[in-house]
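Below is one structure, written out as C-alpha cells; comments come after it.
The values are calculated or read from the model by the stated rules, or taken from the named source; none is laboratory data. Every value quoted in this text rests on a predicted model; they were computed, and no experiment measured them. In this analysis, Cβ positions are derived from the backbone assuming ideal geometry, glycine residues included, and neighbour counts consider all displayed protein chains.
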Amino acid sequence: MTGSARPPTTATNDSTDPAGSVTMASTGFPELDALLPRLAAVPALEAAALEAEQVAVLGRKSGLLTAALKSLSSLPVDERKRFGAAVNQLKGQFEAAFAARAEALEAERRRREAAGLDLTMPGRRRWVGAEHPVTRVVDEIVGIFRELGFAVATGPEVETEWYNFLALNFPADHPAMDMHDTLYLDTPPAEGEPGGRLLLRTHTSPVQIRTLLAGPPPVRVVIPGMVYRNDAIDASHLPAFSQIEGLAVDEGISFVDLKATLTHFARRFFSPATRSRFRPSFFPFTEPSAEMDVECQLCHGRGCPACKGTGWMEILGCGMVHPAVLENCKLDSERYTGWAFGMGPHRIALLRYGVPDIRLLLGGDMRFLEQVGRPGGTDTGGVDA
Ligand SMILES: [Zn+2]
C-alpha cells in the first residue's frame, strides 16, 4: 500500500447530509479518506455529473472503489479484513448518497414539469445591437468634416416659413411652399418669431440662417437632422428622412474651396481613387449652384442598372451662398462669401451598402439589419476598381 506511510487523515468536515444521512468519518486509510470530499459533494451534483461520478467511483471496470477491492489480495491477511470492511462501508455510503441525489433530482424534475417549466429547452439567444446604417453614415460624414475644422450645428424641426424659405431666397410663390410639398402645422407661431406659418422643415438649411444670425463669420458648420416632405413612400422617397448640410462663410471664400473640400470628402468617404464631377444646377439659396456626382460605387464607372448606365451617382447639391441670403442674415455680401452643400444620408447609405430600396432602411427587418448593421457587412464602399 503506497499510502500507508502517511498518517491517516481525519475528516474534519464530518457532516450529515439530510437527504442521504451520510456520515463522513475517517476510514483510517488515507487512500479511502481521499474520496470523502467527493462523497460530501454528491448532494450538489447535477444529473450528468452525478452519472459520471457514479461510474468514476463504483464503475465495474475502473471505479475507484472497485479497484480498491481488487487490491485486497495483495494485502496481509489481518489488514485485508480491516481494509475490506472500510471499502465496503464507504461503498455503501456512496451508493446511499447517489441514490438520495438521484431521487432528489427526479423530484425536482417532476416539480418543474408540474409548474410547466422545461429547462431542457434551448435558451433564446440575446440579440446584439449595432448602429443603424444611416446613423453610421451621418457619423462618418460629420467625422470627415470635423477633421477639416467644421463644427456641428443643430436647430428646430418645426420652423416658420421665413427661416425655411424666405430667408433662403425662395420667392413667396415658390412651388416648394405649396401645401402639396410641405407639411404645415395648424399651431400659430410663437410671439416674436419672424415670418408666417409653422411647418415641419423641408431641409436643414434654416439652421444655416440661425447660425449666421447667431454670430459673425468665420462660420464652418455641418448640420445633420431630420427633414419632412409631403411625399408618398416608394422605393426612393420617404416623407421623413435625414439630411446633412454644410456651410462655410468667411472673407475670400471661392468656388475653388467648395470643389476642393467636397472632392476631398468624396475621396475620404468612398475611396481615395473615387472620381467626382460637378454639373450646373439651380437652388434659390446658392449662385452659382451645382450637383455633385461620384463614380458609381457598384460598377466603378463602367455603367450598371443602379446608375442607369451612366457610371455616375448624384450625391449632393451645392453652390456659393447667394448674396441675398447673406444680406438676410445682416452680413455684408461684398465682404463675405461662402459655400454650402446638402445631401441625404439615407440615399448615401443606399449607395454605400448597395441597398436597392430605401424602405428597407426603415423596415426594422432583422435579416437586413444584421447584414448591413455590422462593420464590413455588405459594405461595397472603399473598394478600388
Ligand atoms: Zn453603376
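Testing Phe150 on (1) touching a strand residue (DSSP E or B) at 6+ places or on another chain (Cβ under 7 Å); (2) within 21 Å of Ala52 (Cα to Cα), one condition comes back false. Which one is that?
Failing condition for Phe150: (2).
Go over the candidates Glu291, Glu295 one by one and state the one that is acidic (Asp, Glu) and surrounded by fewer than 21 Cβ atoms within 10 Å (Cβ to Cβ). Please lay out each step first, then the result.
Working: Glu295 fails: surrounded by fewer than 21 Cβ atoms within 10 Å (Cβ to Cβ).
Of Glu291, Glu295, the one residue that is acidic (Asp, Glu) and surrounded by fewer than 21 Cβ atoms within 10 Å (Cβ to Cβ) is Glu291.
Would you mind telling me which numbered condition in (1) of a type outside the set (A, V, I, L, M, F, W, C); (2) surrounded by fewer than 18 Cβ atoms within 10 Å (Cβ to Cβ); (3) part of a loop (DSSP other than H, G, I, E, B) Thr202 fails?
(2)
Report yes if some residue within segment 348-356 is within 16 Å of the ligand (Cβ to nearest atom) and at pLDDT 85 or above; otherwise report no. Break it down stepwise before answering.
Of all residues in segment 348-356, those within 16 Å of the ligand (Cβ to nearest atom) come to 348, 350-356.
Next, from what is left, pick out any that are at pLDDT 85 or above: 348.
Within segment 348-356, one or more residues are within 16 Å of the ligand (Cβ to nearest atom) and at pLDDT 85 or above.
Identify, from the list Gly301, Gly311, the residue that is modelled with pLDDT under 90 and within 16 Å of the ligand (Cβ to nearest atom). Full working, then the answer.
Numbers: Gly311 fails: modelled with pLDDT under 90.
Exactly one residue qualifies, and that residue is Gly301.
Which of the residues that make up segment 250-298 are charged (D, E, K, R) and either within 19 Å of Ala349 (Cα to Cα) or not assigned by TED's automatic domain parsing to the domain that holds Ile348 (or both)?
Let us first name the residues in segment 250-298 that are charged (D, E, K, R), namely 250-251, 257, 259, 267-268, 275, 277, 279, 287, 291, 293, 295.
Hits for segment 250-298 are Arg267, Arg268, Arg275, Glu291, Asp293, Glu295.
Considering only residues of segment 155-190 that are part of a helix (DSSP H, G or I) and either surrounded by fewer than 12 Cβ atoms within 10 Å (Cβ to Cβ) or among the acidic types (Asp, Glu) (or both), which is nearest to the chain's Cα centre (by Cα)? Working first, answer last.
Residues of segment 155-190 that are part of a helix (DSSP H, G or I), as a first pass: 161-164, 166-168, 175-177.
Applying the additional criterion that residues be either surrounded by fewer than 12 Cβ atoms within 10 Å (Cβ to Cβ) or among the acidic types (Asp, Glu) (or both) yields 161, 175.
Numbers: Glu161: 37, Pro175: 40 Å.
The selected residue is Glu161.
Name the residue, out of Met320, Met313, that is assigned by TED's automatic domain parsing to the domain that holds Thr204, touching a Cys at 6+ places or on another chain (Cβ under 6 Å), touching a residue at least 12 places away in the same chain (Cβ under 8 Å) and not small (Gly, Ala, Ser). Step through it out loud before you land on a result.
Numbers: Met320 fails: touching a Cys at 6+ places or on another chain (Cβ under 6 Å).
Being assigned by TED's automatic domain parsing to the domain that holds Thr204, touching a Cys at 6+ places or on another chain (Cβ under 6 Å), touching a residue at least 12 places away in the same chain (Cβ under 8 Å) and not small (Gly, Ala, Ser) holds for just one of Met320, Met313, which is Met313.
Do we find that Cys329 is at negative phi and away from the ligand (no atom under 16 Å from the Cβ) in this structure? Steps first, please.
Values: at negative phi: yes; away from the ligand (no atom under 16 Å from the Cβ): yes.
Judged against the criteria, Cys329 is a match.
With respect to Ala176, is the statement that it is among the small types (Gly, Ala, Ser), within 30 Å of Ser254 (Cα to Cα) and not assigned by TED's automatic domain parsing to the domain that holds His346 true? Give the derivation first.
Working: among the small types (Gly, Ala, Ser): yes; within 30 Å of Ser254 (Cα to Cα): yes; not assigned by TED's automatic domain parsing to the domain that holds His346: yes.
Here the answer is yes, as Ala176 does meet what is asked.
If you go through segment 268-285 one residue at a time, how many are under 17 Å from Ala340 (Cβ atoms), out of contact with any helix residue (DSSP H, G or I) (no Cβ under 8 Å at 6 or more places or on another chain) and surrounded by 15 or more Cβ atoms within 10 Å (Cβ to Cβ)?
Summing the residues that are under 17 Å from Ala340 (Cβ atoms), out of contact with any helix residue (DSSP H, G or I) (no Cβ under 8 Å at 6 or more places or on another chain) and surrounded by 15 or more Cβ atoms within 10 Å (Cβ to Cβ) in segment 268-285 gives 2.
With (1) over 20 Å from Thr135 (Cα atoms); (2) surrounded by fewer than 16 Cβ atoms within 10 Å (Cβ to Cβ); (3) within 16 Å of the ligand (Cβ to nearest atom) as the list, and Ser236 as the residue in question, which single condition is left unmet?
Result: Ser236 passes all but (1).
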